[in-house]
Amino acid sequence: MLEKDIENLVAKHPEEFLSYSELKLVGQQVRLGTYFADIIFKDNQSNKIIIEVKRGILSREAVAQIMDYYGIIK
C-alpha cells in the first residue's frame with residue numbers, strides 16, 4: 001500500500017484509525033509555510049490534529065517535520 005492510499009483512508013475514515021470522535025477534515029496536502037501536511041483535522045473543540053503518513057520506521061527527520069508543523073500552526 002502506498003503512503004497516498006493510507007492518507008486517503010485516514011482522511012475518509014479517521015474514526016477507524018484515531019481515538020477521536022467527530023473529527024472534521026480541514027484538508028489533505030495542506031500548505032504550511034514551505035511544507036505540506038498530509039492531513040489536518042479539527043476536533044469538536046477546534047483543536048487541530050496534524051497527521052503525517054510515513055511507511056516503515058519513523059525517522060528523526062519526520063519527528064522534526066511534525067515539530068515544524070506545530071510551530072507554524074500554533
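Would you confirm whether any residue within region 15-37 is closer than 17 Å to GLU3 by Cβ, open to solvent by less than 70 Å² (accessible area, probe 1.4 Å) and in contact with an Asp or Glu (Cβ under 6 Å, 6 or more places away or on another chain)?
Checked against the condition, which is being closer than 17 Å to GLU3 by Cβ, open to solvent by less than 70 Å² (accessible area, probe 1.4 Å) and in contact with an Asp or Glu (Cβ under 6 Å, 6 or more places away or on another chain), region 15-37 yields no hits at all.
Of all residues in region 1-37, which are in contact with a Pro (Cβ under 9 Å, 6 or more places away or on another chain) and in a strand (DSSP E or B)?
Within region 1-37, LEU25 is the sole residue that qualifies.
Please find, within region 38-69, the residue that is surrounded by the most Cβ atoms within 10 Å (Cβ to Cβ) out of those that are assigned to a strand (DSSP E or B) and in contact with a helix residue (DSSP H, G or I) (Cβ under 9 Å, 6 or more places away or on another chain).
ILE39
The values are calculated or read from the model by the stated rules, or taken from the named source; none is laboratory data. No experiment lies behind these values; they were computed from the predicted model shown. All Cβ positions, glycine included, derive from the backbone under ideal geometry; neighbour counts span all protein chains shown. Surface areas here come from the heavy atoms of the whole protein model, side chains and all, with no ligands, DNA or RNA. Shrake-Rupley method; radii C 1.70, N 1.55, O 1.52, S 1.80 Å.
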